[in-house]
Amino acid sequence: RLCAADGAKERVLARWAAVAMDEPRVEQMSQESAWEMACRGHGPLPTLFKLLRTLYPSKVKLKTYSYRGATQIQIDVRDDQIFYGWPMHMKAFGAAPLFRGMVVSFDGHVPAALDETIRSASRVCDERCFCNAKRPLDECSTTISQHAGDLDAGLTKPDALPKPVRILGISKLKCLNYLQRTFGVRNLLPTLLNRGVEAYMGQIELFYQKWSVPEEHRPRLSSMFLGWAHEVAAMSPSERQSLERGEYLQLFEAYLGGARRTSHVPEALAPLRHRALLLVNLTG
């Protein structure tokens, strides 16, 4: 039903593709210059940068990029505890919200009010008939054909595009495999290396509770974590030093792939390491 608008549609898609390929480029700017730029002025956003610079200078790094003539700064936060305590800074100092992977664009643009942004998006949607479910399909198709040329031409006019939206919140989906590697292996390496297997497995139980790991998955994961703990206990000093530096993936992947060390058997059972033991219950 869009055959009449195929030419205009191709031009629209080509222009959108060109925009999508316009990626940010790394901008060579020193940390000092980036902080000075970000902290300049007053308001929630400069307050955010000032607090990060003052309170967490060793745990936050700014990465600068250039995108469509504007400087963009990505806030690289290297300690999750900063996110947990950030609402306190928002209430006490009026700082802006802090998100993971947050990028701030210094383009001088002030977003419209939220209600106006919603009205603008709805108006553009209705006018272009992209998702107005109240109209019949035939009428929608005709309207799209009629307006295809206007849409193509309108891409060059800022007023024809929806206004930027405000981010009200960000959710992050974490899969179980990610959780087990990050929070069950990487983050608990200090516990395993310094306090041993028993303390490590105790923390694993807390990990299950904190992240609401389903009960049906816990036995399998516990077996994997316990085997990994014995692997670490049997590692050489050089391998343990690698773990202390956070270089665990190569060793952990080998373990998941089936590699095992026979020396993880407790010393009390060392004489039985290379023997099979058969227990027969003859009572009754």
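The values are calculated or read from the model by the stated rules, or taken from the named source; none is laboratory data. Quick caveat: nothing in here was measured; it's all calculated off a predicted structure. Note that each Cβ is placed from the backbone with ideal geometry, even for glycine, and that neighbours are counted across all protein chains shown. Side chains are part of the model used for accessible areas, which takes the heavy atoms of the whole protein and leaves out ligands, DNA and RNA. Shrake-Rupley method; radii C 1.70, N 1.55, O 1.52, S 1.80 Å.
Among the residues of segment 184-205, write down those that are acidic (Asp, Glu) and either open to solvent by less than 70 Å² (accessible area, probe 1.4 Å) or within 20 Å of Gln250 (Cα to Cα) (or both). Result: no residue meets the conditions. For segment 230-260, filtered to residues that are open to solvent by 60 Å² or more (accessible area, probe 1.4 Å), in a loop (DSSP other than H, G, I, E, B) and at pLDDT below 85, the residue that is farthest from Thr191 (Cα to Cα) is Gly257.
For the structure I just gave you, tell me whether Arg100 is basic (Lys, Arg), within 20 Å of His42 (Cβ to Cβ) and either in contact with a helix residue (DSSP H, G or I) (Cβ under 7 Å, 6 or more places away or on another chain) or not in a helix (DSSP H, G or I) (or both). Spelling it out, it is not the case that Arg100 is basic (Lys, Arg), within 20 Å of His42 (Cβ to Cβ) and either in contact with a helix residue (DSSP H, G or I) (Cβ under 7 Å, 6 or more places away or on another chain) or not in a helix (DSSP H, G or I) (or both). Scanning segment 206-222 for residues that are open to solvent by 80 Å² or more (accessible area, probe 1.4 Å) and of a type in the set (S, T, N, Q) returns Gln209, Ser212.
Out of Val185, Val213, I need the residue that is of a type in the set (A, V, I, L, M, F, W, C) and under 21 Å from Arg260 (Cβ atoms). Which one? Before the answer, list the steps.
Values: Val213 fails: under 21 Å from Arg260 (Cβ atoms).
Residue meeting the stated conditions: Val185.
Here Leu173 clears all of (1) at pLDDT 80 or above; (2) of a type outside the set (D, E, K, R); (3) under 23 Å from Arg100 (Cβ atoms) except the condition numbered (1).
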